[in-house]
Amino acid sequence: MALARRSGRRRGAGLVVALAAALAAPLLGTSPAAADVDRTGVRAVTTQTAAVVPGQTAWLSVVWTSDQTVTNWSTTVSAPAGVTVSYPTTRGGADTSLYGSESLVGSTRDFTAFKLQVPYTQRTSFPLTVVSTYTSTCGDNGQCKEVGGGNDDKARDFSTTVTVTVPVVPATGPDFIQDTTSLTVPASSDAFAQLAFSAGQADLADFTVRAGRLPAGLVVGYPGDAPASRPAGGAALIGRSTDQVALRLDTTGMARGTYTLPLVISYTAATPRTASGTVTLVVQ
Amino acid sequence: MSCSDRRPARTVVALAALAVLGTTAACGAEEPATGPAAATPSSTPSSTPADATTGRIAEIEFARQCTVASVNYADEAQFTIELDTHLAAAGFSHEQWKQWHDALVVSPELVTQFAEISAAGCPAEPTGRTPADEEPAG
């Protein structure tokens, strides 16, 4: 019983202390709940990214600012189904950080960059959910030291979630450009020659090039004895990039001269397509 | 002594500080950034004073922050190529930018200078607003 009474007195004293602390906390700004409030002022400056076109692979960015300096910055991006998000390989590929460093200095700006692969079926603007996590070392009173922690020397992890819009606009220009239009090869030779192609704004999947009706005496082959040649960098010709396909040209049966070599170029944009091209072949 | 009177001396101090940083921030100096957070400072730099040189770098950086979100690139490296193009046009190297950027975290003068340059706002933004004044995006 005595123990219970002492316990009751302790409980009463504890309540008094707790009540006093609760009353004093708003004045002191030191309640546990207040200490966990994000006072960093981290926010996105960007509400709308650069526009993309259907079928495009693009690196986009979101600019951030803050009132206080924060560290350990990490950003992840969620996109609608069909839109693929990837991150810089320099961080392992699971997230992105700020361009300049992992810290955002208060009252400055920096940006996070990420890559989107937008399918051809995505013809309207879409939202991205962008989540950034960071550490604040400012004190529970919101004050920060220039280096290290604030007045309480604690580090607090926070996150900010924003939604940004990615505008989708129709592609303009050709699907691709054939950069190499002429090849000069020795007579009686048998070697690979490179043809360069540049994609337009969007990616072209399953990009292949093969020769059409051959000039008399010419024998053409492809890497790996395949029925056609693919870009050196992979099966797709990535939008706004240049890649090369290789054609093996055996001219041992040809006379010196200038010939037109027709090309059949196949790829998949929104749908499978086939285009024709030519390359001027100079045998000398 | 007025601020303008002190400027030449402060410029010398700032350039000297950047030069010192250039010899100490080995990671940032020797590894050109190829993407976001590609390079991190290898040492804690000391406070760098603000001067005309740091102001010019801050102007380039702010201009980039105003435009970077409106451009998309096929290649991640284009972010750095674009920055380096503007730096080179102004006579700066990527290393100098990196040293300036790394110095921000411990240099209140550089932050104040950057904020002052940012105060005019981006061309598409209302003027007289600093980054700290802007509304949350989400």
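The values are calculated or read from the model by the stated rules, or taken from the named source; none is laboratory data. Values in this document were obtained by computation on a predicted structure and should not be read as measured data. Heads up, the Cβs are rebuilt from the backbone with ideal geometry, glycines too, and the neighbour counts pull from every protein chain shown. Just so you know, the surface numbers come from the protein's heavy atoms only, side chains and all, with ligands and any DNA or RNA stripped out. Shrake-Rupley method; radii C 1.70, N 1.55, O 1.52, S 1.80 Å.
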Would you kindly compute the Cα radius of gyration of segment A:35-166 and its largest Cα-Cα separation (Dmax), both in Å? 16.0, 53
Segment A:176-283, relative contact order in percent, only Cα pairs under 8 angstrom and at least six apart counted: 37
Please report the relative contact order for segment A:35-166, taking Cα pairs under 8 Å with a sequence separation of at least 6, and give it as a percent rounded to a whole number. 30
Expressed as a whole number, the average count of other chain Cβ atoms within 10 Å around the Cβ atoms of B:103-110 is 4
Taking a probe of 1.4 Å, how large is the accessible area per residue of segment A:176-283, in Å²? 47
For segment A:34-84, state the semi-axes of the equivalent ellipsoid (square roots of 5 times the eigenvalues of the alpha-carbon gyration tensor), sorted largest first and rounded to whole angstrom. 29, 13, 9
Please report the base-10 log of the normalised intensity I(q)/I(0) for segment A:142-222, using a Debye sum with one equal scatterer per alpha carbon and no solvent, at each q in 0.11, 0.14, 0.17, 0.18 (1/Å). -0.61, -0.75, -0.93, -0.98
Please report the carbon-and-sulfur percent of the accessible area for segment A:44-170; probe 1.4 Å, protein heavy atoms only, DNA, RNA and ligands left out. 47
For segment A:187-277, count all C-alpha to C-alpha pairs, find those more than 14 Å apart, and express that count as a whole percent of the total. 64
A:A211: net charge of surrounding residues, Cβ under 13 Å, Lys/Arg +1, Asp/Glu -1, itself excluded? +2
Heavy-atom accessible surface buried between A and B, both sides counted, 1.4 angstrom probe, nearest 100 Å², is 3400
Measure of exposure for A:T47: accessible area at 1.4 Å probe, Å² rounded to 10, is 80
Return P(r) of segment B:86-125 (all Cα-Cα pairs; 10 Å bins starting at 0; whole %; ordered from short to long distances). 26, 41, 33, 0
Which percent of the Cα-Cα distances in segment A:84-240 go past 20 Å? 70
